[in-house]
1. Residues in segment 85-109 that are surrounded by 20 or more Cβ atoms within 10 Å (Cβ to Cβ) and under 23 Å from residue 20 (Cα atoms): how many?
2. Could you list, in sequence order, all residues of segment 24-46 that are touching a strand residue (DSSP E or B) at 6+ places or on another chain (Cβ under 6 Å) and in a helix (DSSP H, G or I)?
3. For the subset of segment 124-138 comprising residues that are surrounded by fewer than 20 Cβ atoms within 10 Å (Cβ to Cβ) and free of Cβ contacts under 8 Å to residues at least 40 places away in the same chain, which member is nearest to residue 18 (Cα to Cα)?
4. Quick one: how many residues across segment 105-151 are in a loop (DSSP other than H, G, I, E, B) and over 20 Å from residue 13 (Cβ atoms)?
């Protein structure tokens, strides 16, 4: 997720937290999903998806894993997709052995409209994505383009 999708919040940790809290107070999201350890550790959310690493360094995550899944770097395994889908349904946290970055995609595609998905943007801040018709279409189109390029 090296591309900025959605609304970026960049700045210091305090600046990002203040902006984030204002957005949550202004718009009442049904559910908030954080993807990544920094976001899951520092930001309020209902569902957390993390791999216990920040920029490839081990990170002591304070949140409980309700389910653990394998997902090698640069992939979205079917089991990982299913774990995200189940986490959204059950409102539980997912711990990933491997890498969670691309799990933003199933989080958006499986989330109900009105859900906020937040992911980290290394060395800059975070990005906020609302699961809605437009965002879901953009992600589906991106996946279709990736698969059609490989064939």
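Computed from the coordinates by the stated procedures, all read-outs in this text should not be read as laboratory data. Treat the numbers as computed from the prediction; the structure is a model and nothing was measured. Counting neighbours? That spans all protein chains shown, and the Cβs are built from the backbone with ideal geometry, glycine included.
1. Adding up the residues that qualify gives 12.
2. Those that are touching a strand residue (DSSP E or B) at 6+ places or on another chain (Cβ under 6 Å) and in a helix (DSSP H, G or I): 37, 38, 39, 40.
3. Checked segment 124-138; the qualifying residue nearest to residue 18 (Cα to Cα) is 132.
4. Kept after step one, since they are in a loop (DSSP other than H, G, I, E, B), are these residues of segment 105-151: 111-114, 122-124, 132, 151.
Retained after the next criterion (residues that are over 20 Å from residue 13 (Cβ atoms)): 111-114, 132, 151.
Here the count works out to 6.
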